[in-house]
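The values are calculated or read from the model by the stated rules, or taken from the named source; none is laboratory data. Remember, predicted model here, so these are calculated numbers, not experimental data. So basically every Cβ, Gly included, is an ideal-geometry build from the backbone, and we count neighbours across all protein chains shown. Protein only, heavy atoms only, side chains kept; ligands, DNA and RNA dropped before computing areas. Shrake-Rupley method; radii C 1.70, N 1.55, O 1.52, S 1.80 Å.
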Amino acid sequence: MFLENLVFDAVHPARLGRFWEAVVGGERLTDEPGIFETRLAVEGGPVLDLCLQRVAEPPSEPLRLHADLFGGDRRDEVVDRLLGLGARPLDIGQRDVPWVVLADPEGNPFCVMEERPAYVDTGPIAALPLDSADPDRDAEFWSRLTGWTDAPGVAPRTLRHPSRRGPLLEMCPEPAAKRAGKNRMHLDVRLEAGDDPDEVAAQIAGLGGRELHPGWGALPWRVYADPSGNELCVLPERP
């Protein structure tokens, strides 16, 4: 298995997708009614597809996964560029911090980060902070599903692609337990040749996750929650 997608729920997928495509310098994959996909390929590292899928109403639940963008010593220039693309300043009570909090065109918070040693070779997305009730437990869960391994960082546990390039996946102590309702952003992993879906389901259960049955009709993928309740999808192997 490998980490393939960062998925956003969006009322207007094309509009939001074009924003994020410009943010990361992505390569357009899909632009159809209801779905927009763009690819971020980190040289020598992982390939991550940003997928925007249509929902009927703007999400209202607290964000449990978000993107930290790399700013470094050009943080203010990056912020100005993002404001020009349609982002807006956002006050979430952050007070005096060295990073800048913005919202994308549909109100999803994200951060533009200052220089940090851990951000070497991340590319435009420095980190993907994920709310966790138990960072050690959840790091083991996500490491087994993605093949990413422990790396230096500021979170209690940080994972990174084995190439040591691309974004960090950070297990951050959750401010509150997961509420009912779907995360507006989630991660997808893709099965590879030889991966048995039922064995993967058993592995997920053994690591503290669970399979979900959301009643969306027949789907080619299976939906799960990690041990902290964060949704994820396991996609079938590609033909």
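At a glance:
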item	result
When residues of region 54-81 are limited to those that are hydrophobic (A, V, I, L, M, F, W, C) and modelled with pLDDT under 95, the one nearest to residue 174 (Cα to Cα)	63
Residue in region 163-179 that is open to solvent by 10 Å² or more (accessible area, probe 1.4 Å), more than 17 Å from residue 232 (Cβ to Cβ) and free of Cβ contacts under 8 Å to residues at least 40 places away in the same chain present	no
Flag if residue 126 is at pLDDT 95 or above and within 16 Å of the chain's Cα centre (by Cα)	yes
Residue among 42, 23 that is under 25 Å from residue 120 (Cα atoms), out of contact with any strand residue (DSSP E or B) (no Cβ under 6 Å at 6 or more places or on another chain) and buried (at least 20 other Cβ atoms within 10 Å of the Cβ)	23
Residues of region 195-224 classified as within 15 Å of residue 144 (Cβ to Cβ) and hydrophobic (A, V, I, L, M, F, W, C), total	6
In region 215-239, the residues that are without any contact (Cβ under 8 Å) to a residue 40 or more places away in the chain and either open to solvent by 60 Å² or more (accessible area, probe 1.4 Å) or farther than 20 Å from residue 65 by Cα (or both)	215, 216, 217, 218, 219, 220, 221, 222, 239
